[in-house]
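A.B. asks: Mind looking over this structure? Questions follow.
We did not get these values from a lab; they are worked out from the coordinates using the rules stated. Values in this document were obtained by computation on a predicted structure and should not be read as measured data. In this analysis, Cβ positions are derived from the backbone assuming ideal geometry, glycine residues included, and neighbour counts consider all displayed protein chains.
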Amino acid sequence: MTKEELVTKIAKDANLSKVQARKAMDSFFDGVTKSLKKDGKIGFVGFGTFSVSKRKARTGRNPQTGQPIKIAAARIPKFKAGKKLRQAIK
């Protein structure tokens, strides 16, 4: 499902215009992003939990030359599905 298809579904299900549905969805994504940046975790009971994981700096290899390269430490987003979501897709 694309973002536009999701906007159309939200608009239809919530009896909103597509513009209103797009604003609501953009607000949701913005809220999740800001929460992860600030607190590092946001959970929706039954659906799942978004969190931030820290990845240590490490040494990798350039696949073309085989030369070792340094990979910087990073914070990466993670998602763990909740029980209801896991059961719904079985």
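A.B. asks: Only one of these conditions is not met by Thr2: (1) touching a residue at least 40 places away in the same chain (Cβ under 8 Å); (2) out of contact with any helix residue (DSSP H, G or I) (no Cβ under 9 Å at 6 or more places or on another chain). Which number is it?
C.D. replies: If we test Thr2 against (1) touching a residue at least 40 places away in the same chain (Cβ under 8 Å); (2) out of contact with any helix residue (DSSP H, G or I) (no Cβ under 9 Å at 6 or more places or on another chain), just (1) comes out false.
A.B. asks: Here's another thing I want to ask about it. Given the criterion farther than 23 Å from Lys84 by Cβ, without any contact (Cβ under 8 Å) to a residue 12 or more places away in the chain and surrounded by 10 or more Cβ atoms within 10 Å (Cβ to Cβ), identify the matching residue among Gly66, Gly60, Gly40.
C.D. replies: Gly60
A.B. asks: Could you list, in sequence order, all residues of the range 1-55 that are within 12 Å of the chain's Cα centre (by Cα) and polar (S, T, N, Q)?
C.D. replies: Within the range 1-55, Thr33, Ser35, Thr49, Ser51 meet the criteria.
A.B. asks: Tell me whether the range 69-77 contains one or more residues that are of a type in the set (D, E, K, R), more than 23 Å from the chain's Cα centre (by Cα) and either exposed (fewer than 10 other Cβ atoms within 10 Å of the Cβ) or closer than 30 Å to Phe28 by Cα (or both).
C.D. replies: Yes, some residue in the range 69-77 is of a type in the set (D, E, K, R), more than 23 Å from the chain's Cα centre (by Cα) and either exposed (fewer than 10 other Cβ atoms within 10 Å of the Cβ) or closer than 30 Å to Phe28 by Cα (or both).
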